[in-house]
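All remarks here apply to the structure that follows.
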Amino acid sequence: MKDETLIIRAGRHPHDNHGAVNPPVYHASTILADSLADYEQKSRERVADKPGTYYGRFGTPTTLALEEAVAALEGGYKAHVYPSGLAACSGALLAFLSAGDHVLMTDSVYGPTRSLANGLLKRFGVSTTFYDPLIGAGIEALIQPNTKVIYLESPGSLTFEVQDVPAITGVAHRRGVTTIIDNTWGTPFYFKPFEHGVDVSVQAATKYIVGHSDAMMGIVTANKEHWMRLRAGTNELGQTAGPDDAYLAQRGLRTMAVRLKQHWQTGVQLAEWIARQPEVQRVLHPALPGDPGHALWKRDFRGACGLFGVVLRPVMHEAFAAMIDGLELYGIGASWGGYESLVVPFAPQKLRSATQWPDPGPCFRIHAGLEHIDDLVADMEAGFKRLRAAA
Ligand SMILES: Cc1ncc(COP(=O)(O)O)c(C=O)c1O
């Protein structure tokens, strides 16, 4: 079955739900058993990881439907929902780490995941080494006897370096290290982590899966070998997600294939236009042929989402502000993956420890939404005119 078909079918069981096309929203904490024997049976089944549930936190038909669909699309074994993308990142890490362990984490990682490593993980006795996202198989030299996890994010969601995931997971497997990837940019549609040797994949479903900027959600999918440990860690932390948000996420999922195609096309067209402006130092978009990550993107990805970065040549902050503040179609916002276009400034110089950011100019990230490309270019063109006038 092709992904476009799978995304329509996975996790939906209309005939168990009075024929309703979508899984119903179950508001449930308590789930009653028919008898003592039934309760005992359900408890046994849960220990044996059979489908079924006897308490809301372990899953309701609403959350189970979403988990089933995302796991199928990512190509993993099973998935668990979390109340936000960051909760999914931290839940995945905490499930596989103990005091005294060491993590290798990409230097291009999402900022709050870096803060988790430098904060809570450190306080609980886990040390982290940040690695150059371009390290590839060279990561072997950084593995210590207590390295338990390699945490990837490819491309990095601010600076867009593409990692050689199979090279890294190849080393990890040989050395008995678990690999976790933040696959939010690739989406379950455009990057198949388990085909590239990853053990555990994290989605900030808040982005493209929800797709409409109206709910927070995280999902972690594991391969069979890593599933029970992920499930145990997740349950120990008490992680689950609200039924209405889980419903919105599964609803968003159904249209993700068509939305993504448009985000991809608009993003590339916009990035190409921006790259031609004289004030631009470089555009960070792996789907552009000149991008340093293009060859790996072409080899490993099936598409691109609408998120990319822009590095400007050095310019006064006031001129940069004039450009950004006057944009009408791009909201100034930290998230992405919704139907609307966004910009957000970022300063990679402050977010690095293993590598140095080479460019002194201001940077901003664009999320290309579903507006018409001509309107998006015209608005951006007006922005560049303001930048020129103010500089
Ligand atoms: C790559 C990446 N991972 C994780 C997250 C966290 O997701 P959430 O905001 O839902 O906690 C984000 C949010 O921006 C992100 O960009």
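Assorted remarks:
- Formal net charge of residues neighbouring Ser201 (Cβ-Cβ distance under 10 Å; K, R +1; D, E -1): -2
- Diffusion constant of segment 314-385 at 20 °C, which comes from Stokes-Einstein with the Kirkwood Cα-pair radius and 1.002 mPa s, µm²/s: 161
- Cα→Cβ-extended label distance, 7 Å offset, between Ser335 and Val21, nm: 2.4
- For segment 52-67, the residues whose amide N sits under 19 Å from a probe point set 7 Å from the Cα of Lys224 along the beta carbon direction are 52.
- Under the criterion of Cα pairs below 8 Å and six or more residues apart, the relative contact order for the chain equals 17 percent.
- Footprinting exposure proxy for Val162, Val149, Val344 (fewest neighbouring C-beta atoms within 10 Å first): Val344, Val149, Val162
- Shape class for segment 257-390, computed from the alpha carbon gyration tensor (a ≥ b ≥ c): oblate, with a/c not under 1.5 and a/b at or below b/c.
- Student exercise, the chain dipole from Lys, Arg, Asp, Glu Cβ charges, in Debye to nearest 20: 600
- Shown is the FRET efficiency for Ala389 and Glu272, computed with R0 = 25 Å from the Cβ-Cβ distance and rounded to the nearest 0.05: 0.55.
- Fully extended contour minus Cα-Cα distance, from Thr255 to Asp34, at 0.36 nm per residue: 75.8 nm
- Counting other Cβ atoms within 10 Å as a rough exposure proxy, the listed residues Ile219, Ile324 run Ile324, Ile219 from fewest neighbours to most.
- Estimated translational D of the chain in µm²/s (Stokes, Kirkwood radius over Cα pairs; 37 °C; 0.692 mPa s): 151
Bear in mind these aren't lab numbers, they're just calculated from the coordinates by the rules spelled out. Since the structure is predicted, the reported quantities are computational estimates derived from the model, not experimental observations. Positions of Cβ are backbone-derived with ideal geometry, glycine not excepted, and every protein chain shown enters the neighbour counts.
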